[in-house]
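What follows is a set of notes on a single structure, which appears directly below.
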Amino acid sequence: MPSLRIGFVSMHTSPADAPGAGDAGGMNVVELNLARALARQGHRVDLITRRARPDAPDAVALDPGVTLRHLDAGPRQALAKSAIDAHIEEFGRHLGRLEPYDLLHSHHWMSGVAALPVARRWGVPHLQSFHSVAALPGSELAQGEPPESPARMPGEALVARESDLIVAVSTAEARTVIERCGARPDLVRVVPPGVDHRLFRPAEPGEPAPEGPWAGSALGYVLFAARLQPLKAPDLAVAALAALPAGRRPHLVVAGDVSEDFAAYRAELDRVVAAAGMRDTVTFVGPQQPEELAQLMRHARVFLVPSHSETFGLVALEAAASGVPVIASAAGGLREVVVHSETGLLMLDRSPAAWAAALGRLLDDEPLRARMGLIARVHSFRFSWADAAQRLTRLYLKAVSGGGWR
């Protein structure tokens, strides 16, 4: 099999950042793990991102065959995501000065707008993954979110229309980029992400749980892990716990933090917790490294994903691999990760009462939780990084050989 030199373009967030910190989330995990899996198959992958710290080196080797590259685009500091698109042109200029790759695979719309003209100038294929698309003005998804950049929707349409191929993480995302961004259906492929089953695994008998305020309580804890922003709905997780009787209420552990665009949201969450009388029942632990998150996850009684929307919902898959049942919104790609009444529960009703009832049902029925956790673990083996990398490799090789999609 030919070895390819691949450029993963991730302008607004570094794939090496811890999920839940700043703008880092599932997309970062997907990029880093796909790069590692592709490298294990003999390819060389550069992860190309904006320099957000003065001391960030031009290049750093992360793993054999995987290099992180920083390009200047705007000030060498963390910026709100909403301010980064002003530097797309500069990022593209610096990208164009690198040695040409066999192909460029952009992640998120800003990366695509910067990389597409570079790929055309080099004469190499450009593949695009969105991971999320702009919320329609006035939609529920737009409530509580900062205004979309005026450039986002036209930028998404441009890269959807002009890229050689769109790679979606779920059929839900594929439908969205076709219907909302104008991508040609015959130029869209779905490559679901994987999960590290050695890292995300069920707890061993007698394995100690992480230390925290929940230690020693027979009620244990439930876990929420995501960036802290309205889209992820941590307030619903708090409200659902608050709606349970005090004697049946486990601790709520919240892993993640706010980004620059949501700097005031943490204070708002603190007010929600205080108003619910939950100060002693909710613990914010901040962003977690993968090993820390995996430990928290495997000891949780239930994992909550109350997001308004998810293109895939990688944390739900990581919880499944950990043998933990998930209660998730019946939205987007979560329908493809959580099997209702088998690996967890999918919720159409977003009321705290409905979520409390679902949570109470699982907390009160240990055999049901155990059965769901076992089925979830088995279900998670349908997803692997090696398989995702093999699927991508086939697409990449077809792209560099002339495609044939158009």
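The values are calculated or read from the model by the stated rules, or taken from the named source; none is laboratory data. Worth saying up front: this structure is predicted, and the values here are computed from it rather than measured. Reconstructed Cβ throughout: ideal geometry from the backbone, glycine too, with neighbour counts over all protein chains shown.
Here is how the numbers come out for the structure above:
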{"read-out": "Residue that is surrounded by the most Cβ atoms within 10 Å (Cβ to Cβ), among those in region 185-243 that are of a type in the set (D, E, K, R) and closer than 30 Å to Tyr396 by Cβ", "value": "Arg227"}
{"read-out": "Counted residues, region 209-235 - those being of a type in the set (A, V, I, L, M, F, W, C) and out of contact with any His (no Cβ under 9 Å at 6 or more places or on another chain)", "value": "6"}
{"read-out": "Region 325-343 residues that are more than 20 Å from Ala357 (Cα to Cα), paired with ones that are assigned to a loop (DSSP other than H, G, I, E, B) and of a type in the set (Val, Ile, Thr) (beta carbon under 6 Å, 6 or more apart)", "value": "Gly332/Thr311; Gly333/Thr311"}
{"read-out": "Subset of region 263-281 [closer than 19 Å to His251 by Cα and charged (D, E, K, R)]", "value": "Arg266, Asp270, Arg271, Arg279, Asp280"}
{"read-out": "Sole exception among (1) crowded, with 16+ Cβ neighbours inside 10 Å; (2) more than 21 Å from the chain's Cα centre (by Cα) for Leu104, by number", "value": "(2)"}
{"read-out": "So Glu366, is it of a type in the set (Asp, Glu) and either under 16 Å from the mean Cα position of the chain (by Cα) or crowded, with 24+ Cβ neighbours inside 10 Å (or both)", "value": "no"}
{"read-out": "Residue check, Glu318 charged (D, E, K, R) and under 19 Å from the mean Cα position of the chain (by Cα)", "value": "yes"}
{"read-out": "Enumeration of residues in region 59-97 that are in contact with a strand residue (DSSP E or B) (Cβ under 6 Å, 6 or more places away or on another chain) and among the β-branched types (Val, Ile, Thr)", "value": "Val60, Val66, Thr67"}
{"read-out": "One residue from Arg391, Arg377 being touching a residue at least 60 places away in the same chain (Cβ under 8 Å), in a helix (DSSP H, G or I) and under 25 Å from Ala174 (Cβ atoms)", "value": "Arg391"}
{"read-out": "Gly313 touching a Gly at 6+ places or on another chain (Cβ under 9 Å), at positive phi and not assigned by TED's automatic domain parsing to the domain that holds Ala168", "value": "yes"}
{"read-out": "Any pair with Cβ under 9 angstrom, 6 or more apart, that starts in region 140-155 at a residue that is over 15 Å from Phe262 (Cβ atoms) and ends at one that is modelled with pLDDT under 65 and surrounded by fewer than 18 Cβ atoms within 10 Å (Cβ to Cβ)", "value": "none"}
{"read-out": "Residues of region 69-90 that turn out to be among the aliphatic types (A, V, I, L, M) and within 8 Å of Ala52 (Cα to Cα), as a count", "value": "2"}
{"read-out": "Which listed residue, of Gly332, Gly373, Gly360, is surrounded by 14 or more Cβ atoms within 10 Å (Cβ to Cβ), at positive phi and not assigned by TED's automatic domain parsing to the domain that holds Asn33", "value": "Gly332"}
{"read-out": "Qualifying residue in region 370-389 (condition: modelled with pLDDT of 95 or more, among the polar types (S, T, N, Q) and over 28 Å from Gly344 (Cα atoms))", "value": "no"}
{"read-out": "Leu345 under 19 Å from the mean Cα position of the chain (by Cα) and assigned by TED's automatic domain parsing to the domain that holds Leu296", "value": "no"}
{"read-out": "Some residue of region 129-146 being closer than 22 Å to Gly74 by Cα, out of contact with any helix residue (DSSP H, G or I) (no Cβ under 6 Å at 6 or more places or on another chain), at pLDDT below 95 and not in a strand (DSSP E or B)", "value": "no"}
